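A short worksheet on the structure shown next.
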Amino acid sequence: MPTAQIDNPSSSHYVADWIEFHICVTGDSLSKAEVISFIESSSGSEPDSTFLDDIWCELERRLFLYGNNPPYVLKSREVLSVLDWHTMPEYLMCVILSIDGNAVAAAKTGKLFERLSCEAIKSYFGGEAIIYGFPKKQTVEEVSRQMNEKFCYNPPSNFKDRGVDIICWKPFGDNRKSQIAIIVQCAAGHNWNQKLLSIPLSAWRQYILWSDTLPIKGFTTPTIIEDAVFHDVVADAGLMFDRPRLYRSFVQNRIAADTSLKLDLKEWCQNRLDQ
């Protein structure tokens, strides 16, 4: 994957993604003058100062979203990486997917992103979580038994997973129902915004008798949702885990529960960088 070509140099959001990628992979800083040079070589014309200010504003917005331990330091005329991607391949995978989408080995990549998302969601809720259909296909009856919730019926086979990739719940440890639960859709590609309504929550409430503590729905994506659309996006998607929220979980917990996940993420990132 090249680090010198910006495929969409007219988008401040995309250029900010590219900057995150470039400094993370190279370990080098980027000055404003260098960013201008990269944009000019990619677009054929030099950007004006207003556009560069927009990029810096976007990077500053992201610093707040990433929390107390962001992956880079932003100065008035320079941005510096403070992260070795080998120690946090979760972050680099999200950045690559945000830039490139999920067009390479889509099924395998999608499943890896689900594993990453599952650990982050489990950490956020401090509960239990499963990937629906991985590593083996479970029935709704099996899932409801694992959650100690009352099973009603399985969805018809032609409906497959009914939009659900992850099911998470926070048990009390007393083997009784009535607990917080969330059913989640994961979208690793550029078409994430076409999947916001993928979970038919009313149907899932019929498959499992959740009593009065009905499940909420959620969504994970490796991109960063822009402020202008965030309200409408979450109105459709439910509880949103975009890249900054996933990143906060990576920083806080280092995602250690899935012992093979870190190795698989490193291998995935290295393969993409070697292409």
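To the nearest 500 deg cm²/dmol, what mean residue ellipticity at 222 nm is calculated for the chain from DSSP H runs of n ≥ 4 alone, each contributing -39,500 (n - 2.57), summed and divided by the residues? Walk me through the intermediate numbers first.
Values: 10 runs with 128 residues, N = 275.
Helices in the chain give a 222 nm mean residue ellipticity of -14500 deg cm²/dmol.
Can you give me the angle between helix 243-253 and the longest principal axis of the chain, using Cα atoms only, in degrees from 0 to 90, rounded to the nearest 10?
It works out to around 70 degrees.
Just checking my list [x] 66, 47, 35; [y] 62, 36, 34; [z] 52, 45, 36 against Cα extents along the principal axes in Å computed from this structure; which label fits?
Computed from these coordinates, Cα extents along the principal axes in Å corresponds to label [y].
Rounded, prolate or oblate: which fits segment 112-215, taking a ≥ b ≥ c as square roots of the Cα gyration tensor eigenvalues, rounded meaning a/c under 1.5, else prolate when a/b beats b/c? It would help to have the intermediate numbers written out before the result.
On the way: a/c = 1.67, a/b = 1.24, b/c = 1.35.
Taking the square roots of the gyration eigenvalues as a ≥ b ≥ c, segment 112-215 is oblate.
Which peptide among 95-103, 181-189 comes first, and what is the full order, when sorted by highest mean count of other Cβ atoms within 10 Å?
On the way: 95-103: 20.3, 181-189: 23.7.
Listed from highest to lowest mean packing, they are 181-189, 95-103.
Can you tell me the dipole magnitude for the chain around its Cα centre, using point charges on the Cβ only (Lys, Arg +1; Asp, Glu -1), in Debye to the nearest 20? Present the calculation step by step, with values, prior to reporting the outcome.
Details: 28 positive and 35 negative charges, 297 e Å.
Here the size comes out at about 1420 debye.
Against the longest principal axis of the chain, how steep is helix 32-43, in degrees 0 to 90 to the nearest 10, with axes from Cα atoms?
80
Short version: ³J(HN,Hα) in whole Hz for each residue of segment 194-199, in order, from phi by Karplus 6.51 cos²θ - 1.76 cosθ + 1.60 (θ = phi - 60°), x for Gly and Pro, what are they?
Working through the residues one at a time gives 8, 10, 5, 10, 6, 8 Hz.
Ignoring ligands, DNA and RNA, what percent of the 1.4 Å accessible area of segment 119-226 is carbon and sulfur? Provide the component values of the computation, followed by the final result.
Working: 2680 of 5330 Å².
It is 50 percent, rounded to a whole number.
Within segment 1-148, what is the number of lysine pairs with alpha carbons under 24 Å apart, leaving out pairs fewer than eight places apart on the same chain?
Final tally of qualifying lysine pairs is 9.
Note down the magnitude of the dipole of segment 51-186 about its Cα centre, charges +1 on Lys and Arg C-beta and -1 on Asp and Glu C-beta and zero elsewhere, to the nearest 20 debye.
Working: 17 positive and 17 negative charges, 120 e Å.
Computed about the Cα centre, the dipole is about 580 debye.
With the dipole of segment 1-142 worked out from charges on the C-beta (+1 for Lys and Arg, -1 for Asp and Glu) around the Cα centre, which of THR109, TYR132, PRO70 lies farthest toward the positive end?
Most positive-ward Cα: TYR132.
With contacts defined as alpha carbon pairs under 8 Å and 6 or more residues apart, what's the relative contact order of the chain in percent? Each step should come with its number before you reach the end.
Numbers: 400 pairs, mean separation 52.9, N = 275.
Rounded, it is 19 percent for the chain.
The values are calculated or read from the model by the stated rules, or taken from the named source; none is laboratory data. Fair warning: this is a prediction, and the values are worked out from it, not measured in the lab. Note that we place each Cβ from the backbone using ideal geometry, even for glycine, and neighbour counts take in every protein chain shown. These area figures cover heavy atoms from the full protein model, side chains too; ligands, DNA and RNA do not enter into them. Shrake-Rupley method; radii C 1.70, N 1.55, O 1.52, S 1.80 Å.
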